[in-house]
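Readers should treat all values here as calculations from the given coordinates under stated rules, not as data from a laboratory. Please read these numbers as outputs of a predicted model, since none were measured by experiment. Quick reminder, even Gly has a Cβ in these numbers, built from the backbone with ideal geometry, and neighbours come from all protein chains shown.
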Amino acid sequence: MSETGGRQLIRYAARTAPVSPETVWMVEGDDLVETCGRRRRVFPLSSLSDMRVIGEGGPRRAAQLLFGRRRLLIPAQSLLATLRFQDRSGAFDAFIKQVEARAAVSAVQAKPPSRAARQIAQALVWTIVLTGAGALFLIVGALLSGFPDIGLALGARLLFVPILLSAALPWLLQPRR
């Protein structure tokens, strides 16, 4: 860690492959930045949904961070030029603790919707689609049979149901706290 412009710079580096340059992970403001050679990826800490240390106690420890659908893996070992692994657990543990602390400050940890909520939302979407299709068929059928007034009146009332149902979707799919 070092000071830059009055802010503390949190940094960790490891070589992950024999032919690639060293990968550097830094916390810059509210973002986690991964730099490997010219490639640079930015992960906003506010979108961090899950963080786990895998391989605990084993030779291949790593931190797995999930940012929505994007996944980031940070190893605790670095590959040396002699193709042996160097254990950097001390720096790794300090970096992961700092990332956890910064992520907790950056945003409230949110979990994705539960499986039951996703299934209910899927059933609700199907209900909306089928009810809307039924209203459309009712209107078209009434127009073709010569009763446009009653067809439009019933179809409009039936279309109001999927509109109301669609208002429930944001509450079903919001992240759990």
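How would you classify segment 2-106 from its alpha-carbon gyration tensor, with a ≥ b ≥ c the square roots of the eigenvalues: rounded for a/c under 1.5, else prolate if a/b is greater than b/c, otherwise oblate? Note, shape of segment 2-106 comes out prolate. Only one of (i) 201; (ii) 239; (iii) 192 was calculated from the structure for volume of the Cα convex hull per residue in Å³, and its label is (iii).
Descending by average beta-carbon neighbour count within 10 Å, the peptides 84-90, 98-104 line up as 98-104, 84-90, the highest first.
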